[in-house]
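J.: Take this structure, written in C-alpha coordinates, and hold onto it; I'll ask about it next.
The values are calculated or read from the model by the stated rules, or taken from the named source; none is laboratory data. These figures come from a predicted structure and were not determined experimentally. All Cβ positions, even for glycine, are placed from backbone atoms using ideal geometry, and neighbour counts span all protein chains on display. Keep in mind that these areas ignore ligands, DNA and RNA; they rest on the heavy atoms of the full protein, side chains included. Shrake-Rupley method; radii C 1.70, N 1.55, O 1.52, S 1.80 Å.
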Amino acid sequence: MVFTMPPHAERLILPAQDSPASHLSTAHGDLVVPPVRLPERAVEVETVRLAELVHAAREAAVAAYAPFSKFRVGAALVMGDDPEGEIIPGSNVENSSYGGTVCAERTAIFSASARGFRRLRWLAVSTVATLGAELRDRSPCGICRQVIREFADGETLVLCDNGAPGVLAEVFDIERLLPSGFRFAPEA
Ligand code: THU
(Lines give C-alpha, C1' and ligand atoms only; values in the text may rest on other atoms or scores of the structure.)
Protein backbone atom coordinates (compact mmCIF):
# COMPACT_ATOMS: atom_id res chain seq x y z
CA MET A 1 0.00 0.00 0.00
CA VAL A 2 1.31 3.43 -0.93
CA PHE A 3 0.99 6.13 1.69
CA THR A 4 -0.21 9.40 0.21
CA MET A 5 -0.38 12.62 2.19
CA PRO A 6 -3.68 14.48 2.01
CA PRO A 7 -3.53 17.59 -0.20
CA HIS A 8 -1.62 20.51 1.39
CA ALA A 9 -0.67 18.38 4.40
CA GLU A 10 2.48 19.23 6.26
CA ARG A 11 4.18 17.58 9.19
CA LEU A 12 4.02 19.22 12.61
CA ILE A 13 6.05 17.88 15.55
CA LEU A 14 4.46 17.85 18.99
CA PRO A 15 7.54 17.67 21.19
CA ALA A 16 8.06 15.09 23.91
CA GLN A 17 7.31 16.05 27.48
CA ASP A 18 9.27 13.89 29.85
CA SER A 19 9.85 14.54 33.51
CA PRO A 20 10.24 12.01 36.33
CA ALA A 21 7.97 11.55 39.30
CA SER A 22 8.97 12.98 42.63
CA HIS A 23 8.11 11.76 46.11
CA LEU A 24 8.15 13.24 49.56
CA SER A 25 7.88 10.74 52.39
CA THR A 26 5.90 12.15 55.26
CA ALA A 27 4.65 10.78 58.55
CA HIS A 28 1.18 10.78 56.97
CA GLY A 29 2.20 8.90 53.82
CA ASP A 30 4.01 9.80 50.62
CA LEU A 31 3.22 12.87 48.61
CA VAL A 32 3.61 11.84 44.98
CA VAL A 33 4.08 14.16 42.02
CA PRO A 34 3.22 12.00 39.01
CA PRO A 35 5.64 11.74 36.08
CA VAL A 36 4.91 13.37 32.72
CA ARG A 37 5.58 10.98 29.84
CA LEU A 38 4.45 12.17 26.46
CA PRO A 39 6.49 10.88 23.56
CA GLU A 40 7.20 13.13 20.60
CA ARG A 41 4.64 12.70 17.87
CA ALA A 42 4.31 13.97 14.34
CA VAL A 43 0.89 14.97 13.04
CA GLU A 44 -0.17 15.71 9.49
CA VAL A 45 -1.84 19.10 9.31
CA GLU A 46 -3.95 20.31 6.40
CA THR A 47 -2.90 23.90 6.77
CA VAL A 48 -5.46 25.40 4.39
CA ARG A 49 -8.29 23.80 6.34
CA LEU A 50 -6.84 24.84 9.69
CA ALA A 51 -6.57 28.43 8.49
CA GLU A 52 -10.22 28.26 7.40
CA LEU A 53 -11.15 26.93 10.81
CA VAL A 54 -9.40 29.73 12.73
CA HIS A 55 -11.10 32.22 10.44
CA ALA A 56 -14.49 30.55 11.12
CA ALA A 57 -13.85 30.73 14.88
CA ARG A 58 -13.20 34.47 14.58
CA GLU A 59 -16.43 34.86 12.65
CA ALA A 60 -18.36 32.83 15.24
CA ALA A 61 -17.24 35.22 17.99
CA VAL A 62 -19.30 37.94 16.30
CA ALA A 63 -22.47 35.98 17.15
CA ALA A 64 -21.55 35.61 20.85
CA TYR A 65 -24.27 36.48 23.35
CA ALA A 66 -22.10 38.05 26.03
CA PRO A 67 -24.01 41.00 27.53
CA PHE A 68 -22.57 40.42 31.00
CA SER A 69 -18.85 39.84 30.48
CA LYS A 70 -18.67 41.44 27.01
CA PHE A 71 -16.04 38.76 26.37
CA ARG A 72 -16.82 37.29 22.96
CA VAL A 73 -15.50 33.84 22.15
CA GLY A 74 -15.90 31.89 18.92
CA ALA A 75 -15.22 28.25 18.18
CA ALA A 76 -15.29 26.21 14.99
CA LEU A 77 -14.83 22.47 14.61
CA VAL A 78 -14.78 19.61 12.16
CA MET A 79 -15.85 16.12 13.21
CA GLY A 80 -13.86 13.15 11.93
CA ASP A 81 -16.99 11.04 11.46
CA ASP A 82 -18.80 13.71 9.45
CA PRO A 83 -18.50 12.62 5.81
CA GLU A 84 -19.14 16.18 4.68
CA GLY A 85 -16.41 17.62 6.91
CA GLU A 86 -18.63 20.60 7.60
CA ILE A 87 -17.35 23.44 9.78
CA ILE A 88 -19.64 23.65 12.82
CA PRO A 89 -19.50 26.97 14.72
CA GLY A 90 -20.21 27.86 18.32
CA SER A 91 -20.08 30.99 20.43
CA ASN A 92 -20.54 31.70 24.11
CA VAL A 93 -24.10 32.12 25.35
CA GLU A 94 -24.33 33.95 28.66
CA ASN A 95 -27.25 33.87 31.06
CA SER A 96 -28.71 36.19 33.71
CA SER A 97 -28.14 33.44 36.25
CA TYR A 98 -24.42 33.46 35.32
CA GLY A 99 -24.28 29.72 36.10
CA GLY A 100 -26.33 29.00 32.98
CA THR A 101 -23.60 30.39 30.74
CA VAL A 102 -22.12 28.01 28.16
CA CYS A 103 -18.74 28.56 26.52
CA ALA A 104 -18.15 28.75 22.77
CA GLU A 105 -16.29 25.43 22.63
CA ARG A 106 -19.09 23.52 24.32
CA THR A 107 -21.75 25.20 22.20
CA ALA A 108 -19.96 23.94 19.07
CA ILE A 109 -19.37 20.45 20.48
CA PHE A 110 -22.97 20.07 21.66
CA SER A 111 -24.17 21.16 18.24
CA ALA A 112 -21.95 18.54 16.59
CA SER A 113 -23.14 15.88 19.04
CA ALA A 114 -26.77 16.78 18.36
CA ARG A 115 -26.10 16.04 14.69
CA GLY A 116 -24.95 12.56 15.70
CA PHE A 117 -21.19 13.08 15.38
CA ARG A 118 -18.83 11.78 18.04
CA ARG A 119 -15.22 12.14 16.85
CA LEU A 120 -13.66 15.56 17.19
CA ARG A 121 -10.97 16.11 14.55
CA TRP A 122 -10.11 19.81 14.73
CA LEU A 123 -11.34 22.57 17.00
CA ALA A 124 -10.30 26.21 16.80
CA VAL A 125 -11.08 28.78 19.47
CA SER A 126 -10.80 32.51 19.11
CA THR A 127 -11.28 35.32 21.56
CA VAL A 128 -11.59 38.88 20.39
CA ALA A 129 -10.50 41.04 23.29
CA THR A 130 -7.43 38.98 24.22
CA LEU A 131 -5.84 38.07 20.89
CA GLY A 132 -2.12 38.61 21.36
CA ALA A 133 -2.35 38.07 25.12
CA GLU A 134 -0.92 35.15 27.08
CA LEU A 135 -2.22 31.71 26.17
CA ARG A 136 -4.14 31.43 29.44
CA ASP A 137 -6.21 34.45 28.37
CA ARG A 138 -7.16 32.79 25.09
CA SER A 139 -7.32 29.02 25.61
CA PRO A 140 -10.22 26.73 26.57
CA CYS A 141 -11.34 26.70 30.20
CA GLY A 142 -11.06 23.56 32.33
CA ILE A 143 -14.68 22.48 31.86
CA CYS A 144 -14.36 22.81 28.09
CA ARG A 145 -11.13 20.80 28.12
CA GLN A 146 -12.95 17.95 29.83
CA VAL A 147 -15.85 18.18 27.35
CA ILE A 148 -13.36 18.24 24.47
CA ARG A 149 -11.80 15.11 25.94
CA GLU A 150 -15.14 13.27 25.77
CA PHE A 151 -15.08 13.39 21.96
CA ALA A 152 -11.31 13.44 21.43
CA ASP A 153 -9.03 10.72 20.13
CA GLY A 154 -5.47 10.49 18.82
CA GLU A 155 -6.40 12.55 15.75
CA THR A 156 -7.87 15.49 17.61
CA LEU A 157 -6.08 18.82 17.41
CA VAL A 158 -7.13 21.98 19.25
CA LEU A 159 -6.00 25.37 17.93
CA CYS A 160 -5.91 28.60 19.90
CA ASP A 161 -6.09 31.69 17.75
CA ASN A 162 -3.02 33.72 18.62
CA GLY A 163 -3.54 36.96 16.73
CA ALA A 164 0.15 37.83 16.39
CA PRO A 165 1.23 38.75 12.86
CA GLY A 166 2.37 35.67 10.98
CA VAL A 167 1.15 33.21 13.65
CA LEU A 168 -1.82 31.02 12.83
CA ALA A 169 -2.39 29.30 16.18
CA GLU A 170 -1.00 27.31 19.09
CA VAL A 171 -1.70 23.61 18.61
CA PHE A 172 -2.49 20.92 21.19
CA ASP A 173 -3.42 17.28 21.12
CA ILE A 174 -5.69 16.08 23.91
CA GLU A 175 -2.90 14.85 26.21
CA ARG A 176 -1.19 18.22 26.00
CA LEU A 177 -4.45 20.12 26.43
CA LEU A 178 -5.69 18.12 29.42
CA PRO A 179 -3.04 15.92 31.02
CA SER A 180 -4.58 13.13 33.13
CA GLY A 181 -8.09 14.29 32.17
CA PHE A 182 -10.83 12.39 33.96
CA ARG A 183 -11.94 9.10 32.42
CA PHE A 184 -15.09 7.31 33.58
CA ALA A 185 -14.42 3.67 32.94
CA PRO A 186 -16.93 1.61 34.92
CA GLU A 187 -16.50 -2.16 34.86
CA ALA A 188 -18.70 -3.80 32.24
N1 THU B 1 -15.68 31.54 27.72
C2 THU B 1 -15.72 30.75 26.61
O3 THU B 1 -16.60 30.89 25.75
N4 THU B 1 -14.77 29.79 26.47
C5 THU B 1 -13.79 29.54 27.37
O6 THU B 1 -13.05 28.59 27.22
C7 THU B 1 -13.61 30.44 28.50
C8 THU B 1 -14.68 31.42 28.75
C9 THU B 1 -16.71 32.55 27.88
C10 THU B 1 -17.67 32.27 29.01
C11 THU B 1 -18.16 33.65 29.39
O12 THU B 1 -19.26 33.98 28.57
C13 THU B 1 -16.99 34.55 29.03
O14 THU B 1 -16.13 33.79 28.19
C15 THU B 1 -16.21 35.06 30.23
O16 THU B 1 -15.77 34.02 31.02
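J.: Answer yes or no: is there a residue in region 83-104 that is in contact with a Pro (Cβ under 8 Å, 6 or more places away or on another chain) and either assigned to a helix (DSSP H, G or I) or within 12 Å of the ligand (Cβ to nearest atom) (or both).
T.: Initially, region 83-104 is screened for residues in contact with a Pro (Cβ under 8 Å, 6 or more places away or on another chain), giving 94, 103.
Of the ones still in play, those that are also either assigned to a helix (DSSP H, G or I) or within 12 Å of the ligand (Cβ to nearest atom) (or both) are 94, 103.
Looking through region 83-104, at least one residue is in contact with a Pro (Cβ under 8 Å, 6 or more places away or on another chain) and either assigned to a helix (DSSP H, G or I) or within 12 Å of the ligand (Cβ to nearest atom) (or both).
J.: Residue 143 - would you say it is out of contact with any Phe, Trp or Tyr (no Cβ under 7 Å at 6 or more places or on another chain) and more than 19 Å from residue 49 (Cα to Cα)?
T.: Yes; evaluated as a whole, the condition is true for this residue.
J.: Return the residues of region 45-82 that are away from the ligand (no atom under 16 Å from the Cβ), free of Cβ contacts under 8 Å to residues at least 40 places away in the same chain and open to solvent by 50 Å² or more (accessible area, probe 1.4 Å); say none if nothing qualifies.
T.: Within region 45-82, 52, 55, 81 qualify.
J.: Those residues that are out of contact with any strand residue (DSSP E or B) (no Cβ under 7 Å at 6 or more places or on another chain), small (Gly, Ala, Ser) and near the ligand (Cβ under 10 Å from one of its atoms), I need them from region 105-154; list them, please.
T.: If the condition is that a residue be out of contact with any strand residue (DSSP E or B) (no Cβ under 7 Å at 6 or more places or on another chain), small (Gly, Ala, Ser) and near the ligand (Cβ under 10 Å from one of its atoms), then 129, 142 are the ones that fit.
J.: Hey, can you tell me all the residues within region 142-188 that are over 15 Å from the mean Cα position of the chain (by Cα) and of a type in the set (Lys, Arg)?
T.: Within region 142-188, 183 is the sole residue that qualifies.
J.: Here are the criteria: (1) touching a strand residue (DSSP E or B) at 6+ places or on another chain (Cβ under 8 Å); (2) modelled with pLDDT of 95 or more; (3) closer than 29 Å to residue 75 by Cβ. Tell me which single one residue 30 does not satisfy.
T.: For residue 30, the exception is condition (3).
J.: Would you call residue 124 more than 16 Å from the chain's Cα centre (by Cα) and within 27 Å of residue 84 (Cβ to Cβ)?
T.: Working: more than 16 Å from the chain's Cα centre (by Cα): no; within 27 Å of residue 84 (Cβ to Cβ): yes.
Against the criterion (more than 16 Å from the chain's Cα centre (by Cα) and within 27 Å of residue 84 (Cβ to Cβ)), residue 124 does not qualify.
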